[in-house]
Amino acid sequence: MNRFSYARPGSVADALREVASSPAAKIIAGGTNLVDLMKYNVERPTHLVDVSRLPGLKSIEETGEGGLRIGALVSNTSAAYDTRVQERYPLLSSAILAGATAQLRNAATTGGNLLQRTRCYYFYDAAVPCSKREPGTGCPAKDGVNRIHAILGTSDKCIATHPSDMAVALAALEAVVKVAGPRGERDIPLADFHRLPGDTPEKDTNLGADEIILAVELPEARFAKNYTYLKLRDRLSYAFALVSVAAALEMDGDKVVEARIALGGVAHKPWRVPEAEVMLRGKAPDRMVFETVADRILLGAKGYGGNDFKIELARRAVIRALSQAAAGTPQSQTDKRIQ
Amino acid sequence: MADLEFLARQGFAPDAGPPKGLPDEIPITLTINGERRALHVRPWTTLLDLLREDLSLYGTKKGCDHGQCGACTVLLDGERINSCLALAVTKDGSELTTVEGLAGKDGTLHPMQEAFIEHDAFQCGYCTPGQICSAVGLLKEGHAKTREEIREMMSGNLCRCGAYTNIVDAIEDVLAKGAAK
């Protein structure tokens, strides 16, 4: 780990000033990803801004529009077990509990979860080229070991995935990220928060380098009954998704009124295809329909050798997740048998 | 500087030095196993290195040093965390319980420690302090009731000897006896 100075600002305004004070400043909250990256010399901040004690960011509150506002410093554990989250947004609770371990969820925060970086092996290995870590050096994953890598939205520069489970559920629920910067506060829809790698894979998100996440806001709950978070991985617990699917349906009798489907483990951001979701409107849940929807979502999917299997796996996962959601039988995050 | 020696052992060349004007050490207060301690730490010292290198509390183990194995699990303000991923300076003012702090002052073992002995829930013992601290955290959380739930909620603690069956037995036993503290 390199050497750095440390500041513990007492207000968001002071924190923004600290962040602006050095181009190599980094924000630390739970630290579960940043400290790890610093140990690998992947992140080398010269100034660490500890936001973990900023006032007002550690609570979950009603929004007034029927939604919930989850403060950026609310731990993953606190969010997952909050009774309002469990009752109104069980998809979010389920996705959070599908990720990491009890120890990590206790320390990791809501804001930090969104800002965690890819677990691409090449990104983590400071001895090899990686355009995400060092712009312009290339992507060894494309022709290398790429079992965990993306099949959608990739570029020549990068085929990394975003590792978060929480963000996949938030994408399906159309959450909004509230951020503060030197020019005031603004909202970033979750769908626009993470970005595709394109020519600038070093940028994971559209959050400005001088901005701080204040909260994640959930709109009024609509999918508390017909939902599932189906996560497929190389071991039953404590592993990142090879493919995950957050599926949420609003049903009227046996007809789908609205569908939301977001995929994790397949792209540089949670993957949603609104055109595919619309195909379910007015339809009764049916395997043939689900297959068509899955094919639409995976249109243009491309494997790189080691991850070719993900295309068929994702297709089947979408179909299975839609079946689970329609039946109101969400995937258990304890009993991993897939029904 | 033990921290630098450690880095050298890991094959990392330390940087030229801290940015100019950087205070070498920052004063913090931690209550460790019931004892309030005024300490001075460098900002890059993890809680784990502070415990082992500076305070000679060797019960907390360094396994992977990356939050993957759970050997470094401690209780921070009652909640289990990986001490290898926590910078000590960020935990200023907190209460920390390590495996050394679980037994009573008179040496009476914590029910979880008793259960680990009774169920032979270890072989080499290296992961055991982390397993026990994690299990104590699990009891307090109260989310695990079944054997299956215990296994899921203990997934952050690896045991390369493979003593999992007996570890789950031990935790299940303590849960059944309602000895949760």
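Each value in this text was obtained by applying a stated rule to the coordinates, not by laboratory testing. No experiment lies behind these values; they were computed from the predicted model shown. Virtual Cβ from ideal backbone geometry, glycine too; neighbours counted across all protein chains shown.
What do you get for GluC sites (Glu not before Pro) in the stretch A:204-255 restricted to DSSP loop and a cutoff of at most 11 other Cβ within 10 Å of the site's Cβ? Write down the numbers at each step before the final one.
Numbers: sites: A:GLU211, A:GLU217, A:GLU220, A:GLU250; in loops: A:GLU211, A:GLU220.
Listed in order of number, the matching sites are A:GLU220.
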What distance in nm separates the two pseudo spin-label positions at A:ALA24 and A:GLU174, each 7 Å out from Cα along the beta-carbon direction? 4.4
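Please give the charge dipole size of the protein assembly as shown, origin at the Cα centre, charges +1 on K and R Cβ atoms and -1 on D and E Cβ atoms. Round to the nearest 20 debye.
Details: 62 positive and 65 negative charges, 160 e Å.
I would put it at about 760 debye.
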Hey, got the dipole for the stretch A:5-49? About the Cα centre, +1 on K and R Cβ, -1 on D and E Cβ, debye to the nearest 20? 60
Apply the Debye scattering formula to the stretch A:1-87, with a single equal point scatterer on each alpha-carbon and no solvent, then give log10 I(q)/I(0) at q = 0.11, 0.16 Å⁻¹. -0.39, -0.73
Among the aspartates and glutamates, select those whose C-alpha is under 15 Å from the C-alpha of A:LYS225, and discard any that sit fewer than 8 residues away in the same chain. A:GLU87, A:GLU250, A:ASP252, A:ASP254, A:GLU258
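With each run of n ≥ 4 DSSP H residues scored as -39500 (n - 2.57), what mean residue ellipticity at 222 nm is computed for chain A after dividing by its residue count and rounding to the nearest 500 deg cm²/dmol? Each step should come with its number before you reach the end.
On the way: 13 runs with 97 residues, N = 339.
Dividing the helical sum by the residues of chain A leaves -7500 deg cm²/dmol.
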Find the centroid of the Cα atoms in the stretch A:294-312 and in the stretch A:230-257, then give the distance between the two in whole Å. 17
Unsatisfied cross-links (Cα-Cα over 23 Å) in the set A:LYS178/B:LYS140; B:LYS105/B:LYS140; A:LYS39/B:LYS61; A:LYS157/A:LYS231; A:LYS26/B:LYS91; A:LYS142/A:LYS310: A:LYS178/B:LYS140; A:LYS157/A:LYS231
Centre separation in Å (Cα based) which lies between the stretch B:96-173 and the stretch A:17-43: 33
Out of residues 5 or more away from B:ILE26 or on other chains, whose amide H comes under 5 Å of its own, with H placed 1.01 Å from N in the peptide plane? B:VAL41, B:ARG42
Dipole size in debye (nearest 20) for chain B around its Cα centre, Lys and Arg Cβ +1, Asp and Glu Cβ -1? 80
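Calculate, in nm to one decimal, what B:ASP92 and B:LEU55 gain on full extension: separation in residues at 0.36 nm each, minus their alpha carbon distance. Show your work: numbers first, answer last.
On the way: separation 37, 0.36 × 37 = 13.32 nm, distance 1.56 nm.
My answer for the length gained is 11.8 nm.
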Applying the Karplus parametrisation 6.51 cos²θ - 1.76 cosθ + 1.60 with θ = phi - 60° to the phi angles of the stretch B:147-154, what ³J(HN,Hα) value in whole Hz is obtained for each residue in order, glycine and proline being reported as x? 4, 4, 5, 4, 4, 5, 7, 9
Pick out which of A:PRO140, A:PRO163, A:PRO270 has the largest mean-square fluctuation in a Gaussian network model of chain A, springs linking Cα atoms closer than 10 Å. A:PRO140
Just want the answer: with Cβ charges of +1 for Lys and Arg and -1 for Asp and Glu, which residue in A:PHE240, A:PHE290, A:ALA326 is farthest toward the dipole's positive end in the stretch A:226-326? A:PHE240
Karplus ³J(HN,Hα) for the stretch A:245-256 (6.51 cos²θ - 1.76 cosθ + 1.60, θ = phi - 60°; Hz, whole; x = Gly/Pro) runs 9, 9, 10, 9, 10, 9, 10, 10, x, 9, 10, 7
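Per-residue Cβ counts within 10 Å, from other chains only, averaged over A:92-104: what number is that?
Working: counts 0, 0, 0, 0, 0, 3, 0, 0, 3, 13, 17, 19, 8.
Per residue, the number of nearby Cβ atoms from other chains is 5 on average.
Could you work out the helix-only [θ] at 222 nm for chain B, with each DSSP H run of four or more residues adding -39,500 (n - 2.57) and the total divided by the number of residues, to the nearest 500 deg cm²/dmol? If you can, show how the numbers build up before the last one.
On the way: 5 runs with 50 residues, N = 181.
That comes out to -8000 deg cm²/dmol.
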Have a look at A:ALA102, A:ALA175, B:GLY130 and report the one farthest towards the positive end of the charge dipole of the protein assembly as shown, computed about the Cα centre with Cβ charges (Lys/Arg +1, Asp/Glu -1). A:ALA175
Hz values of 3J(HN,Hα) by residue in the stretch A:299-314 - Karplus curve (6.51, -1.76, 1.60), Gly and Pro given as x: 4, x, 4, 9, x, 10, x, x, 10, 4, 4, 5, 5, 6, 4, 5
Only sites in a loop by DSSP and with at most 12 other Cβ atoms within 10 Å count here; which trypsin sites (Lys or Arg not before Pro) in the stretch A:252-339 make the cut? A:ARG281, A:ARG337
